[in-house]
1. If packing is taken as the average count of other Cβ atoms within 10 Å, what order do A:138-149, A:46-57, B:76-87 fall into, highest mean first?
2. Taking the Cα centre of chain B as origin, sum charge times position over the Cβ atoms of Lys and Arg (+1) and Asp and Glu (-1), and report the length of that vector in debye to the nearest 20.
3. So for the pair B:Arg26, A:Ser113, with labels modelled 7 Å out along Cα→Cβ, what separation do we get in nm?
4. Using a Förster radius of 30 Å, what is the FRET efficiency between B:Ile79 and A:Thr25 based on their Cβ-Cβ separation? Nearest 0.05, please.
5. A:Ala104 to A:Ala17: extension gain in nm, 0.36 nm per residue of separation minus the Cα-Cα distance?
6. Round to the nearest 0.05 the FRET efficiency obtained for A:Ala129 and B:Ile68 when R0 = 35 Å and r is the Cβ-Cβ distance.
7. Given the options B:Val29, B:Val42, B:Val70, state which has the largest fluctuation in a GNM of chain B using a 10 Å cut-off (strictly under) for Cα springs.
8. Of B:Ile17, B:Phe52, B:Ser6, which is farthest towards the positive pole of chain B's charge dipole, taken about the Cα centre with +1 and -1 on the beta-carbons of Lys, Arg and Asp, Glu respectively?
Amino acid sequence: MTLEAVGFWVVAVVLLASSLAVVLTPNLFHAVLYLAAALVATGAIFLLLEQPFLFAVQLLLYAGGVVTIVVFAIMLTERLIGERVRQTSRHLVNGAIVAAAVFAGIAGFLLRSPLATPRPGPVDDATVAIGRALVGPFAVTLELLGVLLVTALLGALYFARSDE
Amino acid sequence: MIGLSSYLVLAALMFSIGLFGVLTRRNAVGILLGIELMLNAVNINLVAFARFHGDLLGLVFTLFTISITVAEVAVGLAIVIVIFRVRRTVEADRLDLLRW
């Protein structure tokens, strides 16, 4: 086995285990911590695919930003409710059946379609190319994204404002 | 050698796990966590296709989805906090104000 294969299987096991923990653990706070592990593992997948820039973005925005926001929200709501946010799950069997059916559908499609694309050789760091694309053909999209982020920020502020 | 299908199957598994979480969690924040898992699985797909086809588009698209997801989580959690304030409950089952 090559180094890449070993890395892939290790990351895959960590990713799937932490994902399962996210949806199965009864403690919501633990679920967020497992989500952080899953997000970092996703970043490691990006590294395996030789995209260090996306790895950095993943760590900064997801593992840094999203996890912080969610932890913050849980703290706030726990204080509001005055009790620990425990959570029980419902429809476990039905959910498992639907999820397994979706996976079976995707996997069946993957098995039937010819995906024997050979991996291209090692590529240069794509960061420069991504940057050029962002201010070139995708400049308008990038600006729209900025508008969206400002709108989302203002919307979140408006929702979470205090009443007085 | 790890092929493209390995990455796609991994992403499909992660997506299914996230879907399971969305379907089974009672807590609104837990449902959001499941949605996060599903979106990340999609990102893995995008990056894997971009890498194996030597195309830049998937990487740029991944950047956009990551940013939009972060905005979505911020707004979603703000909504959850407001719901907590008004209804004093965390359970999605009890949020049936719009049900006729």
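Read-outs: derived from the displayed coordinates by stated rules, not from any lab. Computed from a predicted structure; not experimentally measured. Don't worry about glycine lacking a Cβ; one is built from the backbone with ideal geometry, like all the others, and counts go over all protein chains shown.
1. The packing order, highest mean first, is A:46-57, B:76-87, A:138-149.
2. Details: 8 positive and 6 negative charges, 80 e Å.
Charge dipole of chain B: 380 debye, to the nearest 20.
3. 3.9
4. The computed FRET efficiency comes out at 0.80.
5. Length gained, A:Ala104 through A:Ala17: 29.4 nm.
6. For A:Ala129 and B:Ile68, the calculated efficiency is 0.95.
7. B:Val70
8. B:Ile17
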